[in-house]
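Peer 1: I have a structure here, written as structure tokens, and I will follow up with some questions on it.
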2 protein chains.
Amino acid sequence: MSKDTAGLPPTIPGRRKFINTAALASLAGVVACTDKGGSAATATPAAGSAPTGGAHAASNSTHLKPGELDTYYGLWSGGHTGDMRVLGLPSGREIHRIPCFVPDALVGWGVTNESKKIMGTKADGNLKYTVADSHHTHASYKDGNYDGRYAWINDKINSRIARIRLDYFVCDKITELPNVQGFHGIFPDKRDPVDPAINYTTRVFCGAEFSIPLPNTGSDDASKYRSMFTCVDAESMEVRWQVLIDGNCDLTATSYDGKLAATNQYNTEMGAKYEDMMSAERDACLFFNVARIEAAVKAGKFKTYGDSKVPVVDGTHEANKDAKTALTAYVSVPKNPHGVNASPDQKYFICAGKLSPTGTVIELAKVLDWFDGKLEKLDDAIVAEVELGLGPLHTAFDGRGNAYTTLFLDSQVVKWNVEKAIAFHKGDKTAKYVVDRIDVQYQPGHLNASQSETIAADGKYLAVGCKFSKDRFLPVGPLHPENEQLIDISGEKMVLLADHPVRGEPHDFIIFKRDLVRPKQVYALDDFPLAIKDPKDSGVVRNGKKVTVKMTSQAPAFSLREFKLKKGDEVTLILTNLDKVEDLTHGFAIPKYNVNFIVNPQETASVSFVADKPGVYWCYCTHFCHALHLEMRTRMIVEA
Amino acid sequence: MSKDTAGLPPTIPGRRKFINTAALASLAGVVACTDKGGSAATATPAAGSAPTGGAHAASNSTHLKPGELDTYYGLWSGGHTGDMRVLGLPSGREIHRIPCFVPDALVGWGVTNESKKIMGTKADGNLKYTVADSHHTHASYKDGNYDGRYAWINDKINSRIARIRLDYFVCDKITELPNVQGFHGIFPDKRDPVDPAINYTTRVFCGAEFSIPLPNTGSDDASKYRSMFTCVDAESMEVRWQVLIDGNCDLTATSYDGKLAATNQYNTEMGAKYEDMMSAERDACLFFNVARIEAAVKAGKFKTYGDSKVPVVDGTHEANKDAKTALTAYVSVPKNPHGVNASPDQKYFICAGKLSPTGTVIELAKVLDWFDGKLEKLDDAIVAEVELGLGPLHTAFDGRGNAYTTLFLDSQVVKWNVEKAIAFHKGDKTAKYVVDRIDVQYQPGHLNASQSETIAADGKYLAVGCKFSKDRFLPVGPLHPENEQLIDISGEKMVLLADHPVRGEPHDFIIFKRDLVRPKQVYALDDFPLAIKDPKDSGVVRNGKKVTVKMTSQAPAFSLREFKLKKGDEVTLILTNLDKVEDLTHGFAIPKYNVNFIVNPQETASVSFVADKPGVYWCYCTHFCHALHLEMRTRMIVEA
């Protein structure tokens, strides 16, 4: 890449002008330029000539014949909707949405007592939060590949982490992290750092992006602003420990041996304004020595903050100067890096430069050497730092030694060879590490390849989350969809296969082979303590003002054709779906009472409300179930 | 159709057994059989041999090349999600969701003051409803085709109607209908019944499915149960008038001349249990003489009910025995009909029999004749009543004289020729009205063809909303998506092109040519009374405890880098997005304060909250906008 390209390179002036009107406003001049990269290394295929799938045989693979099944699952963060989206790939079809942080009026998430308990309520019984901002989703590992047990997803607004069970595709736990704001990056560990028998995920690491005063009681003392890195137990979903750090946490990665977790830091300056946040030429990738941190906690070397009982160890520079006892290690990375990703060969973490046009390759063995006192200068763990293009954000892998990095400002994905980059960095200026570039539409953020961050990376498909769609879909008013593009990476050159509009804003996602999960399609009646197992047990049970209504559903009828209440009754209504047939879901709505929820086959759910409005209310099945679905009703009669 | 087919015909035993395990439970024996149809008429192509698009040239048309635009818009009801989904066709891609009845955490629908005003709040300022069940969506007409002004959608749970502006693709009005429950069918008129200059939509008709006691105050007097048909003003969205009827209202249709509206009635029995609801062999299609009703209202011949000021005219049998003064006309239709649809040749309404295997064709000119005293027997307006298959639900049209009816129990779409059906009904038993049948997967409800219910019906694409998807997509736990299938209807035989999973439950939709709407992609600053037009006007304005925070956004910064509040302040925060670039939306989240919303280019939005939690809160941009998006923040400092 020539020096020109560090500014606003006019490779394809018209296109650049178009794509950058939005993304570059006020940015001119702030993009850093490293002088390490040579133009020779990136003088590979010109952008703009990227092939698309239109005339390419591979394109047909994304259009499945009616009835044909996808070969991969995708788990997509739902963004502001606070849910997890399940896609089939290569078709790109959305098969499911799993509500997590935000109410969902289809499922009755946030309506039923069962879901409210998971989501969390205030003293008055109302939901604590109804908005969210989910960014990152990752799944549990075993022996370096997904094991189909769990996935996790973050809510940045309220620093919550949710767990999804991948048998029923439902959220079963949500934990709010103490002492932090702006929980952003998330990654499960891949095995235990000490016990080799624990070859699967038992911890989830969470980075907090915003520094806040500790304690956060209303004073604005700059010296008290801090951020923390958090470890959550994968099973109990309780917070195990936190690490007080210098700087902030952006994205998160974990090593395959379980020993290291890391977070990228774009604001080592701990600035409060964006100009301050980008004043330093280098920020950091901050490594955590998991075993040492847990030993410190065990040894009682921690503090707690405010009401929280969570042990917090000290991971600041000042407290970790001695490598042999250090809990943390701050490897320097150029200006405001963003993504950090673990290569499937288990050897490297790769940091994307964001405001620097570089990718930084950190060798994990050398970081461990540093912790062991065998590497004098920590930054010697950096084995490559090469120019990739403007605005590198995230990196995916094909399992054949190539990395794929999104270039936000260039609106491209660059394919580059990691070992050649290392050779180039070592001094071999003939090593052409850039293999290919492809234009994407437009301004890509996250990307991920099939099985990318597992030892089974298979290099078939690459999905790219483009933040702007601009002209790629029919206009629908001021709010545009984003554009998730699918790229065939099975060959030397990348081939664009399809554009998929998505509702804002998915951020991160993972793609894995369909045989890695084993979903169940019918619930077990016994899993629900309130289950009404026989229609004969239906009825209204009164205890003063406390009334329990017990009902079952079997197409096309509810077990009660009517039920009577008195004004002021405090009602809990329990509904068990006794239908056993796969896909035979019923709904239950009460007009004017703001109640709607579904019960899947053999599921039980309950709602509580005060019968404060006298009248006759036709409760009806809201989920099409039968030719007599419209006739499937029961009357709630609230006597004045 | 032979007598066998009225029960459980074993045409393709394996398939039938599979598809009907769910849908037919408890229904055996209740399906009515008319003896009008002869088996000769339906002895056309055998089901099960339907071609799919896999090996057919047309299939490629659904897979657009990257960057290629769809040629049709689809407006899809969002079902339980209470939104409207905007699809591009033939790709089937969802380009947008327009929140209406239910909060939406992306847009901040239900969070901003502006959206809460549209949705409706309780005395305590909280939203009145957060659940919905939207079924039917239709758009405004001019000269018999869509004019791109408005669309409407219903909420069955709380009997609300929402209007969508098709310039900005946003909901701008919601009206709750008085005196009714279970508002289901919805259709705008197509021109004025009296004034020929009004050649566009000015009314929207709404049918209420559930009869309730009038007044509904808690007593359960069977004699007082009634349903009403409602007319809403298309511009003001106020209720113009209602008609008290016998029986109930299911789906709704309107004539092209503006003179007639109609609703199908599946429960003329006014039964409370499903067995009662299907006791009569014939129910009705109920016609409304719009001009006469409005004359009656004008003449003061109406009542009002309870708190409602809406004029209610009497449309019962008893009050409308004289055709020459009648407001309503009850045409008989076999057993529990469901859909009623207006043919694009402007001549017929077609009723689908549901529990009867028939389609009933009613000639509108003859209904008008009856109102004019020129037709003695109202049922003589029925010009055809022919067998179509098991469980007919809805009908679409291709503009070439053919109708397409979903057969819920047969899991098929049947293509039939309307004029041939009329000939057959008249006695020409050689008239083979069934043209083709195609299997769909599985149990179809609504269907619609491109431009179907307009004079511009073009017979290109047919979309079919299948209620069960069963084995058509990768498994995702107990809650299955539904399956919207796209069929090529441009030829003699129908060709299945693609399966599209959708989140439950879309019900109805319309498909129209993309040039019929003219969306705007940037708002006008002046459209927002609270707009902050200059960043210099930003700041905190205090009036005792009432505090107004004024702010603007321009990537990558908010105009205030911080703002201070005191604990207990009653805050209104106003944010104007001054970015003018298309697609440059910003978000605004306040941690722990349950606030997140977006502002599109040149849009202003506001939120109100009490600053009850002291501390420093990093408000941040939640909608990716710029390379420095992560750095786009402002601090809300709430002093103790």
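Peer 1: Per residue, how much accessible area does the stretch B:444-483 show when a 1.4 Å probe rolls over the protein heavy atoms, in square angstrom? Walk me through the numbers on the way to the answer.
Peer 2: Working: 600 Å² over 40 residues.
Here the residues of the stretch B:444-483 average 15 Å² of exposed surface.
Peer 1: Moving on to the next point. Which net charge results for the neighbourhood of A:Ser115, defined as the other residues with beta-carbon distances under 11 angstrom from its beta-carbon, given Lys and Arg at +1 and Asp and Glu at -1?
Peer 2: Details: positive: A:Lys116, A:Lys117; negative: A:Asp104, A:Glu114, A:Asp172.
Summing Lys and Arg as +1 and Asp and Glu as -1 gives -1.
Peer 1: Taking Cα pairs under 8 Å and at least six residues apart, what relative contact order does chain A come out at, in percent? Display every interim value, and only then the final one.
Peer 2: Working: 1786 pairs, mean separation 74.1, N = 640.
Computed over chain A, the figure is 12 percent.
Peer 1: Straight-line reach from B:Lys347: which lysines have Cα under 16 Å away, leaving out those fewer than 8 places along the same chain?
Peer 2: Within the straight-line cut-off, B:Lys347 pairs with B:Lys190, B:Lys259, B:Lys366, B:Lys420.
Peer 1: Output the Cα-based Rg and Dmax of the stretch A:525-638 in Å, rounding Rg to one decimal and Dmax to a whole number.
Peer 2: 13.2, 40
Peer 1: Rg and Dmax of chain B over Cα atoms: what are they, in angstrom?
Peer 2: Radius of gyration, then largest Cα-Cα span, for chain B: 26.5, 87 Å.
Peer 1: Translational D (Stokes-Einstein, µm²/s) of the stretch A:143-286 at 25 °C and 0.890 mPa s when Rh comes from the Kirkwood sum over C-alpha pairs?
Peer 2: Details: Rh = 15.9 Å.
Answer, rounded: 154 µm²/s.
Peer 1: Inter-copy label distances at A:Asn199, 7 Å along the Cα→beta-carbon direction, one decimal in nm, shortest first?
Peer 2: 7.7
Peer 1: List the trypsin sites (Lys or Arg not before Pro) within the stretch A:426-494 that fall in a DSSP loop (any state other than H, G, I, E or B) and whose Cβ has at most 13 other Cβ atoms within 10 Å. Walk me through the numbers before you get to the answer.
Peer 2: Details: sites: A:Lys426, A:Lys429, A:Lys432, A:Arg437, A:Lys460, A:Lys467, A:Lys470, A:Arg472, A:Lys493; in loops: A:Lys429, A:Lys432, A:Lys460, A:Lys467, A:Lys470, A:Arg472, A:Lys493.
In loop regions of the stretch A:426-494 (DSSP not H, G, I, E or B), the sparsely surrounded trypsin sites (Lys or Arg not before Pro) are A:Lys429.
Peer 1: Would you pull out the residues with amide H under 5 Å of A:Glu505's amide H, same chain only if 5 or more places away, H placed 1.01 Å from N?
Peer 2: Counting only residues 5 or more places away or on other chains, the set is A:Gly79, A:His80, A:Thr81.
Peer 1: Checking the cross-link filter: which aspartates and glutamates have an alpha carbon closer than 13 Å to that of A:Lys415, excluding same-chain neighbours under 8 positions apart?
Peer 2: Partners found: A:Glu387, A:Asp398, A:Asp436, A:Asp439, A:Asp488, A:Glu492.
Peer 1: Can you give the helix-only mean residue ellipticity at 222 nm for chain A, where every DSSP H stretch with n ≥ 4 adds -39500 (n - 2.57) and the sum goes over all residues, rounded to the nearest 500 deg cm²/dmol?
Peer 2: On the way: 6 runs with 48 residues, N = 640.
When only DSSP H runs of four or more count, the value is -2000 deg cm²/dmol.
Peer 1: Using a Förster radius of 41 Å, what is the FRET efficiency between B:Lys580 and A:Ser219 based on their Cβ-Cβ separation? Nearest 0.05, please.
Peer 2: Details: r = 39 Å, r/R0 = 0.95.
Once the sixth-power term is evaluated, E becomes 0.55.
Peer 1: Same structure again: Give the nm distances, rounded to one decimal, from A:Lys128 to the matching residue in every other copy, measuring between label points 7 Å along Cα toward the beta carbon; shortest first.
Peer 2: Ordered by distance, the counterparts are at 3.2 nm.
Peer 1: Between the stretch B:151-168 and the stretch A:564-610, how many Å separate their Cα centres?
Peer 2: One Cα centre to the other: 25 Å.
Peer 1: Chains B and A: what accessible area do they bury, summed, in square angstrom to the nearest 100, with a 1.4 Å probe?
Peer 2: Buried area (both sides, nearest 100 Å²): 12600 Å².
Peer 1: Which of A:Tyr305, A:His80, B:Val340 sits farthest toward the positive end of the charge dipole of the protein assembly as shown, with +1 on the Cβ of Lys and Arg and -1 on the Cβ of Asp and Glu?
Peer 2: Looking along the dipole axis, the top candidate is A:Tyr305.
Peer 1: In the structure displayed, which of A:Lys128/B:Lys122; A:Lys224/B:Lys545; A:Lys467/B:Lys533; A:Lys173/A:Lys536; A:Lys533/A:Lys613; A:Lys65/A:Lys520 lie more than 22 Å apart, Cα to Cα?
Peer 2: Values: A:Lys128/B:Lys122 19 Å; A:Lys224/B:Lys545 29 Å; A:Lys467/B:Lys533 27 Å; A:Lys173/A:Lys536 33 Å; A:Lys533/A:Lys613 31 Å; A:Lys65/A:Lys520 25 Å.
In this structure, A:Lys224/B:Lys545; A:Lys467/B:Lys533; A:Lys173/A:Lys536; A:Lys533/A:Lys613; A:Lys65/A:Lys520 exceed 22 Å between Cα atoms.
Peer 1: Follow-up. Quick one: grab the alpha carbon gyration tensor of the stretch B:426-481, order the square roots of its eigenvalues as a ≥ b ≥ c, and give me rounded if a/c is under 1.5, else prolate or oblate depending on whether a/b is larger than b/c. Don't jump to the answer; show the numbers that get you there.
Peer 2: Values: a/c = 3.51, a/b = 1.79, b/c = 1.96.
Cα axes put the stretch B:426-481 in the oblate bin.
Peer 1: Got a number for carbon plus sulfur as a percent of chain B's accessible area, 1.4 Å probe? Numbers along the way, then the final one.
Peer 2: Working: 10190 of 19970 Å².
For chain B, the apolar C and S fraction of the accessible surface comes to 51 percent.
Peer 1: Using only the Cα atoms of the stretch B:453-606, what semi-axes does the equivalent ellipsoid have when each is the square root of 5 times a gyration tensor eigenvalue? Give whole Å, largest first. Don't skip to the answer; put the middle values down first.
Peer 2: Working: eigenvalues 446, 97, 32 Å².
Semi-axis lengths for the stretch B:453-606 are 47, 22, 13 Å.
Peer 1: What net charge is computed for the residues neighbouring B:Thr175, neighbours being all others with C-beta under 14 Å from the C-beta of B:Thr175, Lys and Arg scored +1, Asp and Glu -1?
Peer 2: On the way: positive: B:Lys117, B:Lys128, B:Arg160, B:Arg163, B:Lys173, B:Arg203, B:Arg240, B:Lys309; negative: B:Asp155, B:Asp172, B:Glu176, B:Asp233, B:Glu235, B:Glu238.
In short, +2.
Peer 1: Something else: Place a +1 charge on the Cβ of each Lys and Arg in the protein assembly as shown and a -1 charge on the Cβ of each Asp and Glu, then give the dipole magnitude about the Cα centre in debye, rounded to the nearest 20.
Peer 2: Its charge dipole is roughly 1040 debye.
Peer 1: Using the scaling law 2.2 N^0.38 Å as the reference, what is the normalised Cα Rg of the stretch B:177-387?
Peer 2: Details: Rg = 16.1 Å, N = 211, 2.2 N^0.38 = 16.8 Å.
For the stretch B:177-387, the normalised Cα radius of gyration comes out at 0.96.
Peer 1: Hey, another quick one. What is the sum of charges, Lys and Arg at +1 and Asp and Glu at -1, for the other residues whose Cβ falls under 10 Å from the Cβ of A:Lys493? Numbers along the way, then the final one.
Peer 2: On the way: positive: A:Lys415, A:Arg437; negative: A:Asp436, A:Asp488, A:Glu492.
Its environment carries a net charge of -1.
Peer 1: Same structure, new question: To two decimal places, what compactness ratio does the protein assembly as shown give when its Cα radius of gyration is scaled by 2.2 N^0.38 Å? Kindly include the intermediate steps, with their values, before the conclusion.
Peer 2: Numbers: Rg = 31.3 Å, N = 1280, 2.2 N^0.38 = 33.4 Å.
Scaled against compact globular proteins, the figure is 0.94.
Peer 1: Could you name the residue in chain A with the C-beta closest to the rotation axis that superposes chain A on chain B, along with the separation in whole Å?
Peer 2: Residue of A nearest the axis onto B, distance in Å: A:His63, 2.
Peer 1: Among the trypsin sites (Lys or Arg not before Pro) in the stretch B:503-596, which ones are in a DSSP loop with at most 12 other Cβ atoms within 10 Å of the Cβ? Mind listing them? Write down the numbers at each step before the final one.
Peer 2: Working: sites: B:Arg503, B:Lys513, B:Arg514, B:Lys520, B:Lys533, B:Lys536, B:Arg542, B:Lys545, B:Lys546, B:Lys550, B:Arg561, B:Lys564, B:Lys566, B:Lys567, B:Lys580, B:Lys592; in loops: B:Arg503, B:Lys520, B:Lys533, B:Lys545, B:Arg561, B:Lys567, B:Lys580, B:Lys592.
Qualifying residues, ordered by number: B:Lys545.
Peer 1: Here's another thing I want to ask about it. What does the extension gain come out to for A:Asp345 and A:Arg400, with contour length at 0.36 nm per residue minus their alpha carbon separation? Present the calculation step by step, with values, prior to reporting the outcome.
Peer 2: Numbers: separation 55, 0.36 × 55 = 19.80 nm, distance 0.90 nm.
Going from the current span to full extension adds 18.9 nm.
Peer 1: Under the definition of Cα pairs under 8 Å and six or more residues apart, what whole-number percent is the relative contact order of the stretch B:177-387? Walk me through the intermediate numbers first.
Peer 2: Values: 549 pairs, mean separation 33.2, N = 211.
Rounded, it is 16 percent for the stretch B:177-387.
Peer 1: Next up: Let me know the shape class of the stretch B:247-330, please: from the alpha-carbon gyration tensor, a ≥ b ≥ c as square roots of the eigenvalues, rounded when a/c is under 1.5, otherwise prolate if a/b is greater than b/c, or oblate.
Peer 2: On the way: a/c = 1.97, a/b = 1.45, b/c = 1.36.
Here the stretch B:247-330 falls in the prolate category.
Peer 1: Using only Cα atoms and rounding to the nearest 10 degrees, what angle (0 to 90) does helix B:13-23 make with the longest principal axis of chain B?
Peer 2: Roughly 50 degrees between the two axes.
Peer 1: For the stretch B:146-222, how big is Rg over Rh, using alpha carbon atoms and the Kirkwood form of Rh?
Peer 2: Numbers: Rg = 15.4 Å, Rh = 14.2 Å.
Radius of gyration over Kirkwood radius for the stretch B:146-222 works out to 1.08.
Peer 1: Using a label position 7 Å from Cα in the Cα→Cβ direction, what is the ascending list of nm distances from A:Glu492 to the same site in the other copies?
Peer 2: Result for A:Glu492, in nm, nearest copy first: 5.1.
The values are calculated or read from the model by the stated rules, or taken from the named source; none is laboratory data. Keep in mind the model is a prediction, meaning the values are calculated, not measured. Cβ sites come from the backbone with ideal geometry, for glycine too, and all protein chains shown count toward neighbours. Ligands, DNA and RNA are excluded from the accessible area calculation, which covers all protein heavy atoms including side chains. Shrake-Rupley method; radii C 1.70, N 1.55, O 1.52, S 1.80 Å.
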